[in-house]
Structures are given as structure tokens and as C-alpha cells.
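Peer 1: Submitted below is the structure of interest, expressed as C-alpha cells.
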Amino acid sequence: MGINWFLIAIGLTAAVVLLFRDWRITIPALLLNYVTIALFLAEQRFVAPDISLFGLEISTLVLVKLCTGVAVTLILAITALTFSREYGLENLDEFGLAELRRAARAAQRQRATAPFQLSDYVVPFWAGVLALMASLALPRIYPIGPSVAIDFAWYWLALTGVLTIATAGDVLKIGLGLLLCASAIDLLYTAVVSTPEASGLNVFPLALLSLFNILLALAVAYLAGLLYGRLKTLELNELYRR
Amino acid sequence: MLYLLLIFFPVTMALSTFVLRRRTSLVIFAALGTVLAQMLLATQIPLDDPTRFLGVTLTLNALNRVFMLLFLATGGFALVAAWHLPHGENFVPIALFTIAQVCAVLLLQNPFITTLLLAATGLTAVLAIVDLPAGASTLVGTRAIAAALKYLVLMVVACVLMYIAFVLTDIYRPGELPGRISPSRFILALLGVSFALRLALIPFHTWLTDLVDDAEPLVAALIITLLNTTSLLVLIFTFQSFPSLLLESEGAIGVMRVGALFSTVIGAGLALGAATLRRTLAYLILYNCGMVFYGLASVTTLGLAGAIFGALNQIIAVTLIFVSLALLERPDGRTPGVLRRDLLRRWPVASAGLLAGGLALLGLPPLNGAISHLLLYQAAAERGWAELGLLVLGTGLAGLGLARAVGERLLGPAEETVAAEPLLIGETELDRPTQRRLEPEPRSTAALTGILLLLCLAIGLYPQPLLGTIAEALRGLAFIRAL
């Protein structure tokens with residue numbers, strides 16, 4: 001049996017999203033994850049190719065998924081880059097402004113006193129190991145898709161997504177976890193419903209799935225903007241402290 | 001054409017009202033016109049007459065039409081209430097957009113699209129939770145952001161589970177793969193958890209308590225009435241589309257029933273110990289959600305009739321409760337930040353609305369919840385005294401919780417008014433601080449509360465038309481006959 005490099009790339013990129021905390025690493029990993037999923041779909045040929053791009057025969061579906069991935073990643077990357085965006089400061093009274101100054105000082109202190117600690121990565125690492133074991137076992141115990149590779153890919157994406165949400169320390173990381181979960185159901189739907197014994201792919205759910213991914217990224221970006229505007233940080237422990 | 005109008009007309013009006021959102025009166029008028037037009041459109045669509053649009057089937061059955069009209073009426077009530085009650089800058093566009101999504105869910109017959117639309121309603125609701133009034137001088141509360149984040153995560157997780165379940169139903173053939181975990185049970189488990197998240201059944205309920213605590217009452221009302229009940233209708237549609245799931249999973253239905261009983265009793269018990277009025281109301285709603293879900297999980301004609309009627313009553317009662325709560329929380333001219341205990345004397349219409357809404361959730365006659373509760377008790381009695389006993393226990397605990405909250409907040413003695421002291425030597429009336437003027441209840445909102453209260457009474461006293469419609473709709477549900 002040959003090695004499926006795209007499957008390995010899906011696994012690795014999702015693992016990077018789960019393990020790392022820095023958005024400069026996780027957001028490019030998410031983009032790569034979308035790209036590898038699109039390439040994986042192109043390789044598996046769930047939908048017959050209908051366009052030729054740079055000499056590569058692919059289906060429009062793959063292109064749509066690629067565009068969705070790029071859009072989602074751009075939304076999150078722009079959000080991460082523009083954390084300094086302020087919301088409605090012109091209407092704030094003195095108390096509100098003072099509260100913002102206090103929050104900014106607290107966030108500054110937290111950044112200054114939070115060096116790199118290996119212990120921060122212990123829980124995500126073991127969560128990843130657990131997800132890997134489950135993703136290897138579940139395709140044999142409970143196969144759903146047309147091949148083991150498909151089952152591994154969607155189980156792995158769903159589990160790393162859920163564990164990313166569970167171990168997330170900031171709002172953006174929660175968004176990344178949710179998007180991994182959405183990718184899992186996207187892959188499962190495309191792979192399973194396109195099989196001969198299923199009802200067949202419908203353009204509406206596929207379009208809505210892509211739209212949902214983008215709207216989800218926008219919702220996460222909006223909440224991240226609000227949180228930063230309120231607390232000058234995206235850390236969840238600050239959100240739940242007050 | 002009518003189907004598409006029902007979906008896209010509110011979307012276009014939502015966009016228009018978003019552009020004009022700072023002109024509150026105009027926007028509310030436009031939105032009310034939209035809701036009325038929607039109601040007219042809904043009555044014009046022929047029942048059970050499916051049509052195809054780009055490979056997707058759209059149809060409207062009797063049950064969905066009743067609920068669609070009720071959702072539109074609820075939306076209309078919320079918009080009227082928004083005239084005097086606090087709401088976010090974007091409340092009206094968000095409400096219209098939510099109505100459009102709910103109409104689409106009720107019209108479309110594709111489970112994948114329905115699931116994604118339900119998830120999209122969740123995203124829309126997030127915007128409403130963190131929405132601040134126009135020109136507010138305060139920041140968005142951290143608790144509101146936390147509530148919105150929790151709601152977002154849980155709704156997306158529910159969507160993922162539901163979507164996986166529907167993918168499995170697409171390839172599932174009854175009786176296949178002996179010796180493995182039954183796919184029907186696995187699918188039912190996925191659906192059970194996802195709908196438990198959406199319907200806020202204990203222990204998947206925490207988003208609802210946070211929502212009631214931290215969001216504006218009108219937003220909470222809109223989310224609980226429109227989105228939760230739509231989810232319930234989708235679950236009924238799922239059972240109708242895939243009856244083999246129920247036929248092959250007798251044990252799993254039992255688990256769902258036990259979960260509903262658990263949710264009912266624990267929700268009611270928590271209402272008894274809730275620290276605030278909002279928390280008490282949240283737990284009363286959880287208790288009622290448990291009751292409604294019990295009716296559905298009993299999978300009998302009686303139980304399902306009770307569940308549908310219960311869901312319908314819940315919409316009216318919850319709207320009444322939150323409109324009344326928003327009125328009671330309005331500044332009334334007294335010193336802010338002090339816990340008031342004389343609300344019934346101070347604002348009698350709002351207090352009566354809150355009390356009646358609570359009693360309707362408990363199913364006390366002559367209010368609207370009475371008949372639905374009776375049907376649910378009958379369905380439970382068919383299953384044995386233990387289940388009936390648990391439902392009655394839940395109602396008793398919830399009643400005690402409501403009585404405690406009412407005693408603490410509504411029925412207390414009137415605040416003593418400070419007797420005017422005689423004028424000091426050289427002092428004139430002009431030297432004294434102006435007399436504190438106590439605000440009366442806003443008439444339009446008090447009238448709205450009164451209308452909702454009368455509606456509760458009218459349905460309670462004369463439920464036959466609604467029961468007839470529900471019985472007619474139940475005759476069309478094949479899975480009940482199959483079981």
C-alpha cells in the first residue's frame with residue numbers, strides 16, 4: 001500500500017493547530033490544512049474533474065474548497081493582525097475609558113510575565129496522542145467512509161478540532177478548532193454522499209458548507225475584535241476572570 | 001415564487017433596516033410591515049404541495065404553517081416591545097434575518113441544508129447577544145461576550161453532530177451489518193446529543209442560563225422561542241423522514257425519555273435554589289423544555305400532541321415572561337441598584353405578565369400550558385406511575401421555585417415613602433430638591449403584555465381549535481402510526 005502524502009499532510013497540519021499557541025504558526029497551518037484537503041479530494045476524485053488548471057485536471061468543487069480555505073484564513077489572519085482595532089470609543093464615558101486603560105495595563109503585564117513554558121504544551125500533546133489513537137482505531141471499529149484513508153482523515157479532523165476547542169487559551173484558537181470540525185463534516189459529506197449507494201452530492205449543501213465556514217470565521221473574528229476592544233487581550237482566562 | 005419570497009423578502013428588509021438602523025421608529029415600522037406581509041404570504045402557500053428549486057424540495061405542511069405564523073407573530077410582538085424596551089442597535093435587522101432563516105428551515109426538506117441553516121441561526125444569534133444599544137456609553141460586558149462565545153461553540157458542535165448523523169442516515173439501510181454497533185442507535189445518539197444541545201436539555205443547558213443572565217430579555221426571548229422550537233420541529237421532521245431509526249432503537253428511546261425526565265426534575269430543582277429572578281426563569285424554561293422533550297421521546301400520539309402543544313405554549317409564555325421582565329427591569333424613577341421587592345404594586349401589568357408566564361410554563365389552569373401538561377401526564381401514565389410521578393415532582397419543585405421568586409420580588413410590601421419634613425426657618429419650597437417622579441408603566445408595552453396574557457388565558461380556556469390542528473398534523477406523521 002502506497003503512502004498517501006496528502007493524508008499525512010492533513011494530519012500534521014491539524015496537529016500543528018492543536019499543539020501550538022502562536023497564531024503566526026496556527027493560521028498558516030490551517031491554510032495548509034485546507035490546501036491539503038482540497039488536494040486529497042482532487043486525488044480521490046469523488047467528483048469528476050471538469051476544469052484544467054496549470055495542466056492539472058480538477059473539479060470545480062476542489063477549487064471552491066480551496067477558495068473557501070483561503071477566504072477563511074485571510075479573515076482570521078487579518079483579525080489577528082489588527083487586534084488593535086477599537087470599537088465605538090467615541091461614545092465611551094470616562095469610566096469606560098478608564099476601564100480600557102486598566103485592561104490594557106493588565107494585558108501588558110500578562111504578556112511581559114508569560115514566557116515560553118513547555119508545560120503549556122503537555123495537555124495539547126497528550127490530547128493529540130489520544131486523538132491519533134482514536135483516529136487510527138475508529139476507522140476499523142466503525143468504518144463509515146468508502147476507504148480507511150477517508151475515515152482516518154475526517155475522524156482526525158473532528159477529534160483534533162474538538163480537542164483544540166477544549167485546550168484553547170484564546171478566542172482565535174477556539175475558532176480554529178471549530179473550523180477543523182467544519183472541515184471534518186465537509187470531507188465526510190463529500191466522500192460519503194458521493195458514493196453510489198448514497199443520495200448523491202447536491203450543490204446547495206456544498207455551497208452552504210463553504211458559506212458556513214466563512215461566516216463562522218467572520219463570527220469568530222467579530223467576537224475576537226469585541227474581546228480585544230474590551231480587555232486588550234484575546235486570552236480566555238482574562239475573559240472568565242471578571 | 002411565494003416560497004422564495006418568504007425566505008428572501010425578510011433578508012432584503014433586514015439589509016434595508018440595517019442601513020437605517022439608527023432611525024428606530026422607521027425601522028420598527030418597516031419590520032412590522034415585513035412581518036405582516038410574511039404572515040399573509042404564509043397563508044397563501046398551498047399545504048403539502050411540494051415544489052422543486054435547483055434540486056431542492058420546498059413544501060409547507062399544516063404543522064409547520066401553524067408554527068411559522070406563530071413565529072412571525074412572536075417576532076412582531078418582539079418588534080413592538082422594542083419600541084420601549086432596551087435592545088441592541090441591530091436588533092431589528094437581526095430579528096428579520098433570523099425570521100428568514102427560520103422560514104427557510106420550515107420550508108426546506110433537505111436535512112443537510114436544514115442543519116446548516118440551524119447553525120447559521122446560531123451565528124446570527126451571537127450577533128444579537130453582544131449587540132449594544134446605539135450610542136451606548138458603556139462597553140460590551142465580558143459576561144455577554146462569554147455567553148456569546150459559549151453559544152457559538154455549542155451550536156457549531158451541535159451542527160457537526162447533526163450533520164454526521166444525517167450523512168449516516170443517507171447511507172444507512174435498516175438491518176445491515178449485524179454484530180456491529182447498530183447504526184440506528186449511533187445515529188440516534190448523535191441526534192440526541194445535538195438536539196439536546198439545541199433544546200438546552202440538562203446537562204447541555206449552560207448556554208441558556210448564561211443567555212438569560214447576560215443578554216437583553218428581547219434577544220433571549222427571540223432565541224429561545226424561535227430557534228429552540230424550530231429545532232424541535234426539525235427533530236420531528238427527522239423522525240418522520242427516518243422512522244426506521246425509532247423502530248430499531250427501542251432502548252435508545254427509553255434513554256431519551258430518561259434524559260427528558262432528568263432534565264425536567266433537575267431543572268425544576270435548580271429553579272428552587274436559583275439566586276436571581278433571571279436564573280429562576282431560566283430554570284423554569286429548562287424544566288418546560290424537559291417536559292416538551294419528554295412528550296416527543298414518549299413517541300405516542302398523546303405525548304407528541306402534548307409536546308407540540310407544549311412547544312406552542314412555550315413560545316407564548318416565554319415571550320410574555322421576557323417582555324414582562326424587560327419592563328420590570330426598566331428604571332422606574334427610584335434609586336437604581338437596589339433590589340426591589342414590591343414589583344406587583346409598582347408595575348402591576350408587568351408583574352402579572354411575569355407571574356402568568358411562569359404559571360403557564362408550569363401548566364396551571366386556566367392558562368395555556370394546562371392542556372399540554374395534561375396530555376404529557378397522560379402519556380407518562382401510559383408508561384407507568386414512576387414516570388408520571390417524576391413529571392409531577394418536577395412540576396411541584398418548579399412551582400415552589402416560582403413561588404419563592406414571586407414572594408421575594410413581586411409580593412413584598414411597598415417601599416416606604418419618606419414623609420415630607422416641615423420647612424426650616426428661612427427655607428422655601430424652591431430650596432428643596434425636586435420631588436422624585438415615579439415613571440408609570442409604558443402604555444404600549446403594558447398593552448402588549450396584556451394582550452399576551454389574554455392570549456394565554458384564551459388558549460387555556462378554549463384550546464379546541466389548536467388541538468384540532470395538532471391532531472390533524474399528527475395524522476400526517478407516519479412514524480407515530482408505525483410505532
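The values are calculated or read from the model by the stated rules, or taken from the named source; none is laboratory data. In this text, all values refer to a predicted model and were calculated from it rather than measured experimentally. So basically every Cβ, Gly included, is an ideal-geometry build from the backbone, and we count neighbours across all protein chains shown.
Peer 1: Return the residue satisfying two criteria in turn: it lies in the stretch A:207-242 and is charged (D, E, K, R), more than 7 Å from chain B (Cβ to nearest Cβ) and part of a helix (DSSP H, G or I), and of such residues it is surrounded by the most Cβ atoms within 10 Å (Cβ to Cβ). Even if it seems obvious, please write down each step before you answer.
Peer 2: Keep residues of the stretch A:207-242 that are charged (D, E, K, R), which gives A:230, A:232, A:235, A:238, A:241-242.
The next check asks that each one be more than 7 Å from chain B (Cβ to nearest Cβ); those that pass are A:232, A:235, A:238, A:241.
Filter once more, keeping what is part of a helix (DSSP H, G or I): A:238, A:241.
Numbers: A:E238: 19, A:R241: 10.
The qualifying residue surrounded by the most Cβ atoms within 10 Å (Cβ to Cβ) is A:E238.
Peer 1: Then there is this: Would you list the helices (runs of 4 or more DSSP H) that sit entirely within the stretch B:275-366 and hold 3 or more residues that are modelled with pLDDT of 90 or more and β-branched (V, I, T)? Break it down stepwise before answering.
Peer 2: Details: elements: B:277-297, B:301-328, B:343-346, B:348-362.
Qualifying helices (runs of 4 or more DSSP H): B:277-297, B:301-328.
Peer 1: Then there's this: Show me the helices (runs of 4 or more DSSP H) entirely contained within the stretch B:83-202 in which 3 or more residues are closer than 30 Å to A:L157 by Cβ and at the interface with chain A (Cβ under 10 Å from one of its Cβ atoms). First the steps, then the outcome.
Peer 2: Details: elements: B:91-107, B:111-129, B:142-171, B:183-199.
Passing ranges, in order: B:111-129, B:142-171.
Peer 1: Among B:E441, B:E415, which is more than 21 Å from the chain's Cα centre (by Cα), modelled with pLDDT of 75 or more and either more than 25 Å from B:L233 (Cβ to Cβ) or polar (S, T, N, Q) (or both)?
Peer 2: On the way: B:E415 fails: modelled with pLDDT of 75 or more.
Every option except B:E441 fails the conditions.
Peer 1: Still on this model: When you scan the stretch A:45-148 for helices (runs of 4 or more DSSP H) that lie fully inside it, which ones turn up with 2 or more residues that are modelled with pLDDT under 80, under 29 Å from A:R21 (Cα atoms) and of a type outside the set (D, E, K, R)? Quick ask: steps written out before the conclusion?
Peer 2: Values: elements: A:60-81, A:94-112, A:122-141.
Passing ranges, in order: A:94-112.
Peer 1: Which ones in the stretch A:136-159 are more than 11 Å from chain B (Cβ to nearest Cβ) and either without any contact (Cβ under 8 Å) to a residue 60 or more places away in the chain or more than 22 Å from the chain's Cα centre (by Cα) (or both)?
Peer 2: Pass one, the stretch A:136-159, residues more than 11 Å from chain B (Cβ to nearest Cβ): A:136-140, A:147-153, A:156, A:159.
The answer is A:L136, A:A137, A:L138, A:P139, A:R140, A:S147, A:V148, A:D151, A:L159.
Peer 1: In addition: Note down all Cβ pairs under 7 Å where the first residue falls in the stretch A:179-206 and is in contact (Cβ under 8 Å) with a residue 60 or more places away in the chain and more than 9 Å from every other protein chain (Cβ to nearest Cβ), the second is part of a helix (DSSP H, G or I) and of a type in the set (F, W, Y), and they're at least six residues apart or on different chains.
Peer 2: Every condition considered, the pairs that remain are A:L187/A:W154.
Peer 1: Also: Sort through A:L31, A:L39 and tell me the only one that's over 15 Å from the mean Cα position of the chain (by Cα) and part of a helix (DSSP H, G or I).
Peer 2: Working: A:L31 fails: over 15 Å from the mean Cα position of the chain (by Cα).
Being over 15 Å from the mean Cα position of the chain (by Cα) and part of a helix (DSSP H, G or I) holds for just one of A:L31, A:L39, which is A:L39.
Peer 1: Still on this structure, please answer the following. Yes or no: B:T12 closer than 29 Å to B:N110 by Cα and either outside any helix (DSSP H, G or I) or more than 23 Å from the chain's Cα centre (by Cα) (or both)?
Peer 2: Values: closer than 29 Å to B:N110 by Cα: yes; either outside any helix (DSSP H, G or I) or more than 23 Å from the chain's Cα centre (by Cα) (or both): yes.
The answer is yes for B:T12.
Peer 1: In the stretch A:64-85, what residues are touching a residue at least 24 places away in the same chain (Cβ under 8 Å) and among the aliphatic types (A, V, I, L, M)?
Peer 2: A:V64, A:L66, A:V70, A:A71, A:V72, A:I75, A:L76, A:A77, A:I78, A:A80
Peer 1: Looking for something touching a residue at least 24 places away in the same chain (Cβ under 8 Å) and in a loop (DSSP other than H, G, I, E, B) - is there at least one such residue anywhere in the stretch B:224-240? Steps first, please.
Peer 2: Of the residues in the stretch B:224-240, the ones touching a residue at least 24 places away in the same chain (Cβ under 8 Å) are B:224-240.
Those still in the list that are in a loop (DSSP other than H, G, I, E, B) too: none.
No, every residue in the stretch B:224-240 fails to be touching a residue at least 24 places away in the same chain (Cβ under 8 Å) and in a loop (DSSP other than H, G, I, E, B).
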